[in-house]
1. Suppose the chain between ALA99 and ALA37 were pulled fully straight at 0.36 nm per residue; how much longer would it get relative to their current alpha carbon spacing?
2. Rank these for me by crowding, LYS153, LYS142, going from fewest to most other beta carbons within 10 Å.
3. Listing VAL92, VAL117, VAL50 from the residue with the fewest other Cβ atoms within 10 Å to the one with the most, what is the order?
4. What's the extension gain from ALA48 to GLU143 if we count 0.36 nm per residue and subtract their Cα-Cα distance?
5. Relative contact order of the chain: what whole-number percent is it, with Cα pairs under 8 angstrom and at least 6 residues apart?
6. Just rank SER152, SER23, fewest to most, by other beta-carbon atoms within 10 angstrom.
7. Assuming R0 = 25 Å, what is the FRET efficiency of LYS108 and LEU150, from their Cβ-Cβ distance, to the nearest 0.05?
8. Charges at C-beta only: +1 for Lys and Arg, -1 for Asp and Glu. How large is the resulting dipole of the chain about its Cα centre, in Debye rounded to 20?
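Coordinate-derived values only; no laboratory data. This is a predicted model, so every value here is computed, not measured. Quick reminder, even Gly has a Cβ in these numbers, built from the backbone with ideal geometry, and neighbours come from all protein chains shown.
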Amino acid sequence: MGGLAKFGKAEFIERFGPIFEHSPWVVEAAWAHQPFADAQALHAAFMAAVEAEGEAAQLALINAHPELAARIELTDASQSEQMGAGLRHLTVPEFEHFAALNAAYREKFGFPFIICVRLNSKAAILAAFEARLAHDAAAERKEAIVQIGLISKLRLQDLLEGSRE
């Protein structure tokens, strides 16, 4: 892919804003760094914006994500991702296990467990959930941002591939 077209601010935010769950501020912060040589450079600008905004903004970004397997309304992207990992059609015991893990995680860290479900099976997600409960809050905040980076990179790829003629 060659360079990406330069966008006006509103168009840029409208096009790329949904990549970050209820957090268009990430995209808005990256807008000024146009033009981008390619998708990798664009994504790097997004993640640099997340890093530059500091801990409070990062926690807001993390908290904008839904808990896994929760029976709540999701964005289209989250719905598709969780369905693909089998998290929207759980048995009652599976749902109860996820609910208990979600509650324990939120109690310990104060934010939802974040993992790139598209890169993990249901079993791998459960194993990561349990292993990461042993981390400290700073390590989990960093890991959540890493996972958001993976999620957003895949969403960006989907968006750009879907816009090709």
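1. Numbers: separation 62, 0.36 × 62 = 22.32 nm, distance 4.26 nm.
Extending this stretch completely gives an extra 18.1 nm.
2. LYS142, LYS153
3. Values: VAL92 7, VAL117 24, VAL50 21.
The fewest-first ordering by Cβ neighbours comes to VAL92, VAL50, VAL117.
4. Working: separation 95, 0.36 × 95 = 34.20 nm, distance 1.55 nm.
Residue separation times 0.36 nm, minus the Cα-Cα distance, leaves 32.6 nm.
5. Relative contact order of the chain: 22 percent.
6. The most exposed by this proxy come first: SER23, SER152.
7. Working: r = 22 Å, r/R0 = 0.89.
So the FRET efficiency works out to roughly 0.65.
8. Values: 15 positive and 22 negative charges, 31 e Å.
My answer is approximately 140 debye.
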